[in-house]
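Please read the structure below before turning to the comments.
No lab work stands behind these numbers, since they all come straight from the coordinates. Here the structure is a predicted model, which is why all the values come from computation and not from measurement. Quick reminder, even Gly has a Cβ in these numbers, built from the backbone with ideal geometry, and neighbours come from all protein chains shown.
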Amino acid sequence: MTAYMIAQVDVHDPQLFEKYRALVPDTLTKYGGEYIVRGGEMAVLEGDMPFPRIVVIKFPTFDDAKNWHASEEYKGAIEIRQAASKGILVAVDGYDG
């Protein structure tokens, strides 16, 4: 079943965060990850949004999403992301109807 990694992020060091953004695409390939949403314009229509940026990455399976996050390929990028921003990262199964 398809799964998604959903991130809500507040970037406090844009220059460092750009280094993170440059690293991540190559880490996704092995795990079948592809961007669905990567920042961009958004409008909060209801409720409170604690972080102003959203990223959604699609993976073939829930295990692929978790394995990507725990991978050696992504490990260095995580450290940069955490130094450049704060936020939440959630893996969730997709809905197949």
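Cβ under 15 Å from residue 17's Cβ, residue 17 left aside: what net charge do those residues give with Lys, Arg +1 and Asp, Glu -1? Mind showing how you got there, number by number?
On the way: positive: 19, 21, 38, 53, 81, 86; negative: 10, 13, 18, 79.
Local charge sum for residue 17: +2.
In whole Hz, what ³J(HN,Hα) sequence does region 72-78 give by Karplus (6.51, -1.76, 1.60; θ = phi - 60°), x for Gly and Pro?
Coupling constants for region 72-78: 5, 4, 8, 3, x, 5, 4 Hz.
Residues with beta-carbon under 10 Å from that of residue 73, excluding residue 73: net charge, scoring Lys, Arg +1 and Asp, Glu -1? Spell out each step's value before the answer.
Working: positive: 30, 75; negative: 26, 72.
So the environment of residue 73 carries a net charge of 0.
Of the peptides 74-85, 34-45, how do they stack up when ordered by the mean number of other Cβ atoms within 10 Å, highest first?
On the way: 74-85: 16.2, 34-45: 10.2.
Per-residue Cβ counts within 10 Å, averaged per peptide and sorted highest first, yield 74-85, 34-45.
With runs of 4+ DSSP H residues as the only contributors, calculate the mean residue ellipticity of the chain at 222 nm using -39,500 (n - 2.57) per run, divided by the residue total and rounded to the nearest 500. The partial results should precede the final answer.
Numbers: 3 runs with 36 residues, N = 97.
Computed ellipticity for the chain at 222 nm equals -11500 deg cm²/dmol.
For residue 29 and residue 90, calculate 0.36 nm times their separation in residues minus their Cα-Cα distance, and state this gained length in nm to one decimal.
Working: separation 61, 0.36 × 61 = 21.96 nm, distance 1.93 nm.
The residue 29-residue 90 span can extend by a further 20.0 nm.
Which value, in debye to the nearest 20, gives the size of the charge dipole of the chain about its Cα centre, when Lys and Arg are +1 and Asp and Glu are -1 at the Cβ? The partial results should precede the final answer.
Details: 10 positive and 15 negative charges, 46 e Å.
Here the size comes out at about 220 debye.
Positive end of the charge dipole of the chain (Lys, Arg +1 and Asp, Glu -1 on Cβ, about the Cα centre): tell me which of 32, 91, 16 has its Cα farthest that way.
Selected residue: 16.
Rounded to the nearest angstrom and ordered from largest down, what semi-axes does the equivalent ellipsoid of region 37-80 get from its C-alpha gyration tensor (root of 5λ)?
On the way: eigenvalues 133, 38, 17 Å².
Equivalent ellipsoid of region 37-80: 26, 14, 9 Å, largest first.
Relative contact order for the chain: what percent, with Cα pairs under 8 Å and sequence separation of 6 or more?
On the way: 162 pairs, mean separation 52.5, N = 97.
54 percent.
Could you list which residues have their amide H under 5 Å from that of residue 85, counting only those 5 or more apart in sequence or on another chain, with H placed in the peptide plane?
12
Please report the equivalent ellipsoid semi-axes of the chain, computed as sqrt(5 x eigenvalue) of the Cα gyration tensor, largest first, in whole Å.
Working from the Cα gyration tensor, I get semi-axes of 21, 19, 10 Å.
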